Every structure is written in structure tokens, then in C-alpha cells.
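The values are calculated or read from the model by the stated rules, or taken from the named source; none is laboratory data. Predicted model, so just to flag it, every value in this text is computed and none were measured. Note: ideal-geometry Cβ built from the backbone for every residue, glycine included; neighbour counts use all protein chains shown. The protein model used for the area step is the full one, side chains on, heavy atoms only, and it has no ligands, DNA or RNA in it. Shrake-Rupley method; radii C 1.70, N 1.55, O 1.52, S 1.80 Å.
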Amino acid sequence: MVEMRSDTMTRPTPAMRRAMAAAEVGDDVFGEDPTVNRLEAKAAELLGKEAALLVASGTMANLASLLAHCGRGDEVILGHLSHSFIYEQGGMAAVGGISPRTVANREDGTLAPEEIEAAVRSDDPHFPRTRLVMLENSHNRCGGAPIDAAFTRTAAEITRRHSLRLHVDGARLFNAAAALGVSARELAAAADSVCFCLSKGLAAPVGSVVCGSREFIGQARRARKLLGGGMRQAGVIAAAGLVALDEMVDRLAEDHAHARKLAEGLAAIPGISIDPARVRTNIVYFAVTKPGLTAAELLRRLEREGVRMLATGARTVRAVTHYEVNAAGIDHALAMLAKLMN
Ligand SMILES: *Cc1c(COP(=O)(O)O)cnc(C)c1O
């Protein structure tokens, strides 16, 4: 099966399995798991922040970060297509009493600086208090667009001017870094906090890491416990995360080349619409334009040919490449789609 519904489908590598089996562990809620401590130190160092925190998921990473930065009644400015706004059950409001204030994402995943600025509330008892601006890098719903360091610095200038904080949901930050040819540290530099997923393209089975100042991570650690995310011998998870950071970062460009190849092949198939130039990382969105054919029906037929993708709308499809999808898999997917669209 060529599995392209998501890069979360990646299974732990043999090296991860070995590291997990051999991991030295302790009680992480007591701060005594040496493998977790090593992963957190390594992640902080990689991202250029003082400290880091292992959490169960990207969703928990964002929510713990939001709870650490904001109090009840505070407001967060974020893109209307952001993962945190669309796909996290409104957790910031449901759990944290934090309200989202959306600004339109541009096609490249950024927000217009003047719109961020205009969304910052003035000090008036009618208004909630703006506390945080949140960016997403790479931007999933904006075609996996990588956000460059210059834009993040622009957003940081606004947050500094208004005494706000800047959080980057970097679930796929290492993909963005590979696509832009810069370090993840450079992309994170202007942000007060940043999180990334170990369990997507980096292929670990579980986990995300939040990075920021020592003080912020202290608050996020409290929030993690509140959310039920204080894990005990979490070193078995962290061990896979360490392998992910050691062995899976430098190969991400391969996934991007596969995604580009898929996009270029799709552009040549009648009944499919795509702009391959928008495919910059490992995410490919395309539209089914053949009259009478829905994305769901096309994908049902495609699955019978050994290829899985995800319907993201009545006529839109997402495919995500990762280390378990090779060039032969891309060729097979293209051949089967060409056959089905014929
Ligand atoms: C996947 C994802 C998350 C959430 O991660 P989970 O581990 O699935 O909870 C958050 N933000 C972005 C941009 C993502 O793509």
C-alpha cells in the first residue's frame, strides 16, 4: 500500500524500536527520566531555546503553550486556516477560556502584517486582552507552504511593539527548514515559543516537543500535568524521538522531491487540477475536476489499486509524502490515477 493520507502514518524505524527497547528510564513527572531529559536538552539546543518539554501530541503542544502564555479571557490572533483554529476542537476556548481572533491566511500561509496589527486590541474594558500571535510553519492547509524567517521576524516586531508573545506551531518545522535551506533554529529564532512533531515526517511513533524560555517551559510543564499529559517512564517514547532527530531530519528533502514529482505528474492528468509550483514541502493538494466524480469516489477506486490519499473536501484531495513512500510508490500512484481518470 502506498500510504499518503498523512505523514503521521509513518511507523517507527528499526533503529527506533531498538532504542526504545534499550532506553534508560525513570519517572519523568519527577524529572528523573534520563532519556526524556536528553531529548529535551537536544531539542532546546537544536531550536536555539533555553528549555524544552516532551508532550503527547502536537495538539497538546499547542494547548500547553497557549495555557502557558495566556490566561482566561485573553485573545490569540491566528490564521483562519490554522490547524489550531480548525483541527483542535477549539481547545483553547474549551479548556483555556482563550478566544481565537482569526486573520485571513494568505495563499503562502502568512498573515498580512497590517491585519495582525489591526487585530491587536486597544486597552478598553469592552475588549478581551490580546496576548499572543500564533503562526504555523509549514502551513498545512496552505499547501504545506514553508514560512521564511523574515516573515516570522516581521510578526515578532509587531508582538514586541505591543508587548505580546509569538508562538509558532512548527508541527512540520523541519520540513519548512529543509525546503528553505535554513536551520530550524533560524526559523524559530524570533518566536517566544515553538513546537514541532516527532510523529509526522520524523517517523517517531508518539510525541511533540515545545521549546522556549526556561520560565515559559516551567509554565508549559504545569499545563501539561493539568491536561493529563504527565507521563512516567516516557523515556521509551523519547528514545525514538532522539533517533528521529539524529537520523530522520536530513532526509526530508527526499520527501519534498517525491511530492514535487507527484505534483508534476498530476498536472499532466486530465480531470485533475493542481499548481505544482505551490508544492514546496511534503504536502500535495489537488482538485478533481472531472464532471460527476467526487474525491471520495476517486479515492475509493484508488485504494483498490493500492494507493491511499485523503479527501479534504467534496472535490479536493491531500497526499502527503514521507519516508515510507519511495519513487516507485509515486510512479505507481500516478499510473493508477491516470488509469482511473481515463
Ligand atoms: C498535525 C498537526 C498538529 C497536531 O498534531 P497531533 O500530534 O496530530 O495532535 C498541529 N499543528 C499542525 C500544523 C499539524 O499539522
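With respect to S84, is the statement that it is of a type in the set (S, T, Y) and within 14 Å of the ligand (Cβ to nearest atom) true? Yes; evaluated as a whole, the condition is true for this residue. Is it the case that region 203-210 has a residue that's assigned by TED's automatic domain parsing to the domain that holds H83 and either part of a helix (DSSP H, G or I) or surrounded by fewer than 24 Cβ atoms within 10 Å (Cβ to Cβ) (or both)? Within region 203-210, one or more residues are assigned by TED's automatic domain parsing to the domain that holds H83 and either part of a helix (DSSP H, G or I) or surrounded by fewer than 24 Cβ atoms within 10 Å (Cβ to Cβ) (or both).
Select from region 256-269 the residues that are in a helix (DSSP H, G or I), farther than 20 Å from Y323 by Cα and open to solvent by 30 Å² or more (accessible area, probe 1.4 Å) and list them in ascending order.
Step one: of region 256-269, the residues in a helix (DSSP H, G or I) are 256-267.
This time we only want the ones that are farther than 20 Å from Y323 by Cα, so: 266-267.
Result: A267, single match.
For A177, the conditions (1) open to solvent by less than 10 Å² (accessible area, probe 1.4 Å); (2) in contact with a strand residue (DSSP E or B) (Cβ under 9 Å, 6 or more places away or on another chain) all hold with the exception of (2). Of all the residues in region 87-125, those that are more than 16 Å from the ligand (Cβ to nearest atom) and of a type in the set (S, T, N, Q) number 2. Scanning region 127-146 for residues that are touching a helix residue (DSSP H, G or I) at 6+ places or on another chain (Cβ under 9 Å) and either farther than 25 Å from A287 by Cβ or away from the ligand (no atom under 15 Å from the Cβ) (or both) yields T130, R131, L132, V133, M134, L135. Residue count for region 270-308 under the criterion of being in contact with a strand residue (DSSP E or B) (Cβ under 9 Å, 6 or more places away or on another chain), touching a residue at least 40 places away in the same chain (Cβ under 8 Å) and either open to solvent by 20 Å² or more (accessible area, probe 1.4 Å) or over 16 Å from P146 (Cα atoms) (or both): the result is 10.
Could you list all residues from region 185-201 that are assigned to a helix (DSSP H, G or I) and surrounded by 24 or more Cβ atoms within 10 Å (Cβ to Cβ)? L187, A188, listed by residue number. Restricting region 155-184 to residues that are assigned to a strand (DSSP E or B) and free of Cβ contacts under 8 Å to residues at least 60 places away in the same chain, the residue that is farthest from the ligand (Cβ to nearest atom) is L166.
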